[in-house]
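Rule-based calculations on the coordinates, nothing more; no lab input. These numbers were taken from a predicted model, which means no experiment stands behind them. Virtual Cβ from ideal backbone geometry, glycine too; neighbours counted across all protein chains shown.
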Amino acid sequence: MAHELVKLSQRELKYHEVITKVLAGKLTNRQAAEELHLTTRQVRRLKPKVKDHGAQGLIHQNRGRVPNNKILDKTVTEAIELIKNHYWDFGPTFAAEKLLENHDIKLGKETVRKVMSRAGLWEPKSRKIYAHYRAWRERKESYGEMQQFDGSYHDWFEGRLLRIDGQPIKEVCLLASIDDATGRLTKLKFDQSEGVVPVSQYWLEYVKTLGKPLKIYLDRFSTYKINNKHLFDDPKVLTQFERTMKELNVDIIHAHSPQGKGRIERLFKTLQDRLVKELRLAGINTIAEANEFLENIFLPKFNSRFSVVPKKPDDLHVPLTATELERINNIFSIQSYRNVNNDFTIRFKSKWLQLKEQQPTLVLRKDQVLVEEHLDGTIHLNLRNKYLEFMELPQRPEKVKMHVTGLTKERQLWKPPMSHPWKKLSFEKSDGVSKTLPRDISGLPEGGHF
């Protein structure tokens, strides 16, 4: 009679040897349990198996069987083809998400990792060894307590974004803020740069939609911090951004290193992988389409995947007050000071601004006027919280001896010459006949002239 060959593991061989001794009366159940690191109950269960079936009784019954949850070879082959055609540069985790989302193929990320490694689409990375120890900072407790904010220049559109002349735009800036307590992306927006105007427009939209956060944590880029060594620590010298946030009572914290605001830094590393591929799959080639995609599709999906529950359920965003809403364009303007010249003109960025004859407040020569550049591109002159009436001259005005010491609400007794802009504002003389010009005559007395 031929003997059946039974393959046993080292553990099963030891089990067989010890249980055989128990059956022969050489060992007690307790002694066998201690030697095999089992309980006496497990030893009692193994004894009849060895007695009836010998070594065969120690082999697990599922050995050699096909698992019920085995992934079909057809599914694996289909997944590999889809990854090669659509997700060749995706990481295993992101590829697994897209296979389920777009193709209804459910595979674990580790399974996808093995499949991609065998297909040569993924190379395992060694664990990064950090040279310096950095202490971990605990998250804030409530949503809206602190926002980490920064901008990242990157080829987000992979060369698909074109200039007017058809040349590709290599890099644009993605402005992003992430809530420190929840890890939730509060706002994403593409813009051409991280300059004063794009950042101001970003936060104007933010506070109108979500309210004012208590704190903003950011770096020391020139938009956010005066870096001149003589003015670096002067609390009176503020950037436009710092001045805006001071008016809104939002605290600014400047990080001393990129690791200090690590949450936003790690976010950009994730977005430079995931967002670039999402834009490619969606076929988006313009900044306007991208911003709409970010707000309506990407942000909700990203936050549902990565955000966490804060310690406290409160939302600490503060709504804008009625006064702030009324002055919102003034608060988010780019502000600078200029002096009134002797002929009541103001020089600003190669422009000549002529003050009109009648003003809502007294204007004297050498008065210092606050020039506000609103985000819509308009210019406003503010003196003692009153906005002055003015017009832009096409060129530098001619020198005219003025007999006016100040501009007020009252009509001036002095009649300016015909060459003066105050006259040209209302009419010009042609062949001895007054001819009204198609210009803005708002603020003039009834009849269109002084």
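Quick check on my filter: what residues within region 92-118 are within 26 Å of the chain's Cα centre (by Cα) and among the aliphatic types (A, V, I, L, M)? Matches in region 92-118: Ala95, Ala96. Could you check region 361-386 and list, in sequence order, the residues that are surrounded by 18 or more Cβ atoms within 10 Å (Cβ to Cβ) and charged (D, E, K, R)? Matches in region 361-386: Asp367, Glu372, Glu373. Against the condition closer than 21 Å to Leu316 by Cα, in contact (Cβ under 8 Å) with a residue 60 or more places away in the chain and assigned to a strand (DSSP E or B), how does Leu174 come out, does it pass? No; evaluated as a whole, the condition is false for this residue.
Hey, among the residues in region 11-34 that are assigned to a helix (DSSP H, G or I) and among the basic types (Lys, Arg), which one's farthest from the chain's Cα centre (by Cα)? So the residue we want is Lys21. If you filter region 140-171 down to residues that are among the aliphatic types (A, V, I, L, M) and not in a strand (DSSP E or B), you find that the one that is surrounded by the most Cβ atoms within 10 Å (Cβ to Cβ) is Leu161.
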